[in-house]
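Read the structure below first, then the notes.
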Amino acid sequence: MSEHILVVGAGLAGLSAAMHAIGSGRRVTVLEAQDEVGGAAGVWATPDSVFDTGPTVLTMPDILASVFAAAGAEMDDHLSLRQIEPAYRGYFPDGSTLDVLTDVDAMADQIANKISPAEARGYLGYVDYVSALYRHEISSFIDRNLDSPLDLLRPDLLALLRMGAFRSLDAKAAQFLRDPRTRRLFTFQALYAGVAPTRARAIYGVISYMDAVNGVFLPDGGMAAIPAAMASVIEQRGGVIQLGTRVTGVQRNAAGAAIAVRTDDGQRLPADAVILAGDRSRMARLLADGRSDLRPLRYSPSAYVLLAESTAQYRNIAHHNIHFGRSWAQTFAELESGQVMSDPSLLVTHQNHPAPGSAPAAGPQRYYVLFPAPNVRAGPVRDDYLGIMLDELEHRGYRGFSDSITAHRLTTPGGWLMQGYPAGTPFSAAHSFFQSGPFRPGNCAGRNIAFAGAGTVPGVGIPMVLLSGRLATERLLSPR
Ligand SMILES: Cc1cc2nc3c(=O)[nH]c(=O)nc-3n(C[C@H](O)[C@H](O)[C@H](O)COP(=O)(O)OP(=O)(O)OC[C@H]3O[C@@H](n4cnc5c(N)ncnc54)[C@H](O)[C@@H]3O)c2cc1C
């Protein structure tokens, strides 16, 4: 009988871990507290619409494809992805707009026409720069288990130092991009990692590579199609997914090795190895040995997320729309000091935006509106924030938005806390330098226990948590 690996949590990290474990010939059981797979990549349904509730920007589909390949499956047999172009539409306080086009030549043409040929040349230089960052970072530092800061001492580190990758991201980008609009469009992605572009190191420019250069994708059926497809491959390959089962503890033998897990419905499930793929700090408590290896973490800002079913159609918007406030530099300082943004920067995703050449979707329109906000440790949850969001949308050109809503759901930082995300942020520990790479809470918890997910290495976001599943499995299959 092959080894039995228990995976706790059927978010994208847990599903990735399960697929890698299955691919290595292990028996796998995934235990998920909720009644559906996907974790943060969940759905909310009204009688007429199904919304994606979490991630809406899918990047690096080749990483997703590698997870299917690890389980002996072809992603294309299970998921149909299309690239979204423009990846984003950026709206600036002066009333101008810029589309983020993945086609580099088309993007350069747009910048040359709307700003200047010199700025277009700067953009091409920036694309080369962030592409080189990606090449130097991915295999040496991101898709690799690092055991100590000494593991950073690789030839790629020297290359990154030479490239000025440890200088300020904003200052580095300014060497290429002189116009504040292009600079915002190609550095705002640091916010995904919970770091202000003005304070981030240039190494985080790699996130701009992942979306603005490599492209943004959308599965047929929405983002929830991803965990659904992963779960179906796991089950086709003999894995078991037990929903509605909350793990309450990991039982260990005298040597500290996991031998079973216990669940809230009284089950004791024997295991040869365990992967804990929920929030890392909460998962560490399941080990119940009174030991906490966690230092206090600084958590990313959170968000108010409004899902609005609506009768309104806005002809000039794109799939992803980023509306920048005037006081961009101040925004992050406000979020960190516990205040809501005085001049918001926000994302509007039109989830049923028509594909190019298609007619607008009939029936209700699905708008997903995300306002960054302080996490609950930084500041209080505002009961009046829905009104503030609706007023701001009206002001940003979404005329009649409030009156067009036929159903809605608002998730506040308090709501994320109730869902089990520490500090009320689903974006986990911020990727400050000392919470990244070998300094991030690690994925090893003994000989046969590993962590996966946004709270451990390499970090937050779909590509990273998919890699975390691989790295956790690698820990168990080739322990230190
Ligand atoms: C609003 C929002 C927008 C986002 N936007 C993007 C985006 O556009 N692009 C992007 O790449 N990323 C985005 N992200 C981040 C990305 O979605 C997450 O980083 C990623 O999905 C986290 O996956 P995970 O598996 O680590 O954790 P989770 O998805 O949180 O999964 C953990 C799972 O473990 C289960 N669990 C916890 N405890 C137990 C227990 N004791 N027993 C059993 N099960 C348990 C939970 O129920 C959950 O299903 C967004 C997230 C949110 C919420």
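Suppose we keep only residues that are in contact with a Lys or Arg (Cβ under 7 Å, 6 or more places away or on another chain) and of a type outside the set (Ser, Thr, Tyr) within the stretch 1-34. Which one would you say is farthest from the ligand (Cβ to nearest atom)?
Here the residue is Glu3.
In the stretch 321-359, which residue that is of a type in the set (Ser, Thr, Tyr) and free of Cβ contacts under 8 Å to residues at least 40 places away in the same chain is nearest to Phe92 (Cα to Cα)? Can you show your working first?
Initial filter on the stretch 321-359 (of a type in the set (Ser, Thr, Tyr)): 327, 331, 337, 342, 345, 349, 358.
Next cut, free of Cβ contacts under 8 Å to residues at least 40 places away in the same chain only: 327, 342, 358.
Numbers: Ser327: 11, Ser342: 16, Ser358: 28 Å.
Here the answer is Ser327.
Just to be sure before I move on: is Arg167 touching a helix residue (DSSP H, G or I) at 6+ places or on another chain (Cβ under 7 Å) and of a type in the set (Lys, Arg) in the structure I sent? Before you say what the answer is, go through the steps one by one.
Details: touching a helix residue (DSSP H, G or I) at 6+ places or on another chain (Cβ under 7 Å): yes; of a type in the set (Lys, Arg): yes.
Taking the combined requirement at face value, the residue satisfies it.
Within the stretch 35-72, which residues are near the ligand (Cβ under 9 Å from one of its atoms) and touching a helix residue (DSSP H, G or I) at 6+ places or on another chain (Cβ under 9 Å)?
Glu36, Val37, Gly38, Gly39, Ala40, Ala41, Gly42, Pro55, Val57, Leu58, Thr59, Met60, listed by residue number.
If I ask for residues that are more than 21 Å from His20 (Cβ to Cβ), without any contact (Cβ under 8 Å) to a residue 24 or more places away in the chain and in contact with a helix residue (DSSP H, G or I) (Cβ under 9 Å, 6 or more places away or on another chain), which ones from the stretch 73-102 would you list? Walk me through it before giving the result.
Step one: filter the stretch 73-102 for residues more than 21 Å from His20 (Cβ to Cβ), giving 80, 82-102.
Of the ones still in play, those that are also without any contact (Cβ under 8 Å) to a residue 24 or more places away in the chain are 94-95, 97, 101.
Of everything in the stretch 73-102, those that are more than 21 Å from His20 (Cβ to Cβ), without any contact (Cβ under 8 Å) to a residue 24 or more places away in the chain and in contact with a helix residue (DSSP H, G or I) (Cβ under 9 Å, 6 or more places away or on another chain) turn out to be Asp94, Thr97, Leu101.
Among the candidates Arg315, Arg246, single out the residue that is surrounded by fewer than 22 Cβ atoms within 10 Å (Cβ to Cβ), under 22 Å from Tyr421 (Cβ atoms) and not aromatic (Phe, Trp, Tyr).
Working: Arg315 fails: under 22 Å from Tyr421 (Cβ atoms).
Of Arg315, Arg246, the one residue that is surrounded by fewer than 22 Cβ atoms within 10 Å (Cβ to Cβ), under 22 Å from Tyr421 (Cβ atoms) and not aromatic (Phe, Trp, Tyr) is Arg246.
Could you tell me whether Met223 is under 21 Å from Ala454 (Cα atoms), touching a helix residue (DSSP H, G or I) at 6+ places or on another chain (Cβ under 9 Å) and not in a helix (DSSP H, G or I)?
Working: under 21 Å from Ala454 (Cα atoms): yes; touching a helix residue (DSSP H, G or I) at 6+ places or on another chain (Cβ under 9 Å): yes; not in a helix (DSSP H, G or I): yes.
It is true that Met223 is under 21 Å from Ala454 (Cα atoms), touching a helix residue (DSSP H, G or I) at 6+ places or on another chain (Cβ under 9 Å) and not in a helix (DSSP H, G or I).
Scan the stretch 176-194 and tell me whether some residue there is out of contact with any Leu (no Cβ under 9 Å at 6 or more places or on another chain), of a type in the set (S, T, N, Q) and closer than 22 Å to Pro458 by Cβ.
yes
Go through the stretch 28-44 residue by residue and tally those that are of a type outside the set (D, E, K, R) and either crowded, with 22+ Cβ neighbours inside 10 Å or at pLDDT below 95 (or both). It would help to see each step written out before you state the result.
Going through the stretch 28-44, the residues of a type outside the set (D, E, K, R) turn out to be 28-31, 33-34, 37-44.
Now drop any that are not either crowded, with 22+ Cβ neighbours inside 10 Å or at pLDDT below 95 (or both), which leaves 28, 30-31, 37-41.
Here the count works out to 8.
Of the residues in the stretch 432-458, how many are within 16 Å of Arg282 (Cα to Cα) and either part of a loop (DSSP other than H, G, I, E, B) or within 11 Å of the ligand (Cβ to nearest atom) (or both)?
12
What is the residue count in the stretch 318-346 for residues that are under 30 Å from Pro360 (Cβ atoms) and in a loop (DSSP other than H, G, I, E, B)?
Just the residues of the stretch 318-346 that are under 30 Å from Pro360 (Cβ atoms), to begin with: 318-325, 344-346.
Subsequent filtering for residues that are in a loop (DSSP other than H, G, I, E, B) retains 318-319, 324-325, 344-345.
Residues meeting the conditions: 6.
Name the residues in the stretch 182-220 that are of a type outside the set (A, V, I, L, M), touching a strand residue (DSSP E or B) at 6+ places or on another chain (Cβ under 6 Å) and not in a loop (DSSP other than H, G, I, E, B), would you? Reasoning before the result, please.
Of all residues in the stretch 182-220, those of a type outside the set (A, V, I, L, M) come to 182-184, 186-189, 192, 194, 197-199, 201, 204-205, 208-209, 211, 214-215, 217, 219-220.
Narrowing further to those that are touching a strand residue (DSSP E or B) at 6+ places or on another chain (Cβ under 6 Å): 215, 217, 219.
Answer for the stretch 182-220, where residues must be of a type outside the set (A, V, I, L, M), touching a strand residue (DSSP E or B) at 6+ places or on another chain (Cβ under 6 Å) and not in a loop (DSSP other than H, G, I, E, B): Phe217, Pro219.
Go through the stretch 234-262 and count every residue that is assigned to a helix (DSSP H, G or I) and more than 16 Å from the ligand (Cβ to nearest atom).
Step one: of the stretch 234-262, the residues assigned to a helix (DSSP H, G or I) are 234-236.
Keeping just the survivors that are more than 16 Å from the ligand (Cβ to nearest atom) gives 235-236.
The number of residues fulfilling the criteria is 2.
Out of the residues in the stretch 407-431 meeting the condition of being among the small types (Gly, Ala, Ser) and assigned to a loop (DSSP other than H, G, I, E, B), tell me which one is farthest from the ligand (Cβ to nearest atom). Steps first, answer last, please.
Taking the stretch 407-431 and keeping what is among the small types (Gly, Ala, Ser), we get 407, 414-415, 420, 423-424, 428-430.
Remaining after also requiring assigned to a loop (DSSP other than H, G, I, E, B): 420, 428, 430.
Details: Gly420: 6, Ser428: 7, Ala430: 13 Å.
The qualifying residue farthest from the ligand (Cβ to nearest atom) is Ala430.
Identify the residue in the stretch 289-340 that is charged (D, E, K, R) and under 20 Å from the mean Cα position of the chain (by Cα) and, among all such residues, is modelled with the lowest pLDDT. Talk me through it step by step, then tell me what you get.
Start the filter on the stretch 289-340 by keeping residues that are charged (D, E, K, R), which leaves 289, 291, 293, 295, 298, 309, 315, 326, 334, 336.
If we keep only those that are under 20 Å from the mean Cα position of the chain (by Cα) as well, we get 298, 336.
Details: Arg298: 93, Glu336: 88.
Ranking the candidates gives Glu336 first.
Can you tell me which residue among Pro61, Pro47 is at pLDDT 95 or above and within 18 Å of Gly461 (Cβ to Cβ)? Walk me through how you get there before you give the answer.
Details: Pro47 fails: within 18 Å of Gly461 (Cβ to Cβ).
Pro61 is the lone residue from the list that is at pLDDT 95 or above and within 18 Å of Gly461 (Cβ to Cβ).
Taking interchain pairs and intrachain pairs at least six residues apart, which have beta carbon atoms under 6 angstrom, with the first residue in the stretch 215-244 and within 24 Å of Arg262 (Cβ to Cβ) and the second surrounded by fewer than 19 Cβ atoms within 10 Å (Cβ to Cβ)?
Leu243/Asp35; Gly244/Asp35
Do we find a residue being assigned to a helix (DSSP H, G or I), among the acidic types (Asp, Glu), touching a residue at least 40 places away in the same chain (Cβ under 8 Å) and farther than 21 Å from Leu346 by Cβ anywhere in the stretch 149-167? Outline the logic, then answer.
First, the residues of the stretch 149-167 that are assigned to a helix (DSSP H, G or I): 149-152, 155-162.
Cutting the leftovers down to among the acidic types (Asp, Glu) gives us 151, 156.
Still in the running and touching a residue at least 40 places away in the same chain (Cβ under 8 Å): 151.
Okay, now just the ones that are also farther than 21 Å from Leu346 by Cβ, so 151.
Yes, there is a match, as at least one residue in the stretch 149-167 is assigned to a helix (DSSP H, G or I), among the acidic types (Asp, Glu), touching a residue at least 40 places away in the same chain (Cβ under 8 Å) and farther than 21 Å from Leu346 by Cβ.
The values are calculated or read from the model by the stated rules, or taken from the named source; none is laboratory data. Keep in mind that this is a model prediction, so the values were computed, not measured. Every residue, glycine as well, gets a Cβ built from its backbone with ideal geometry; the counts of neighbours run over all protein chains shown.
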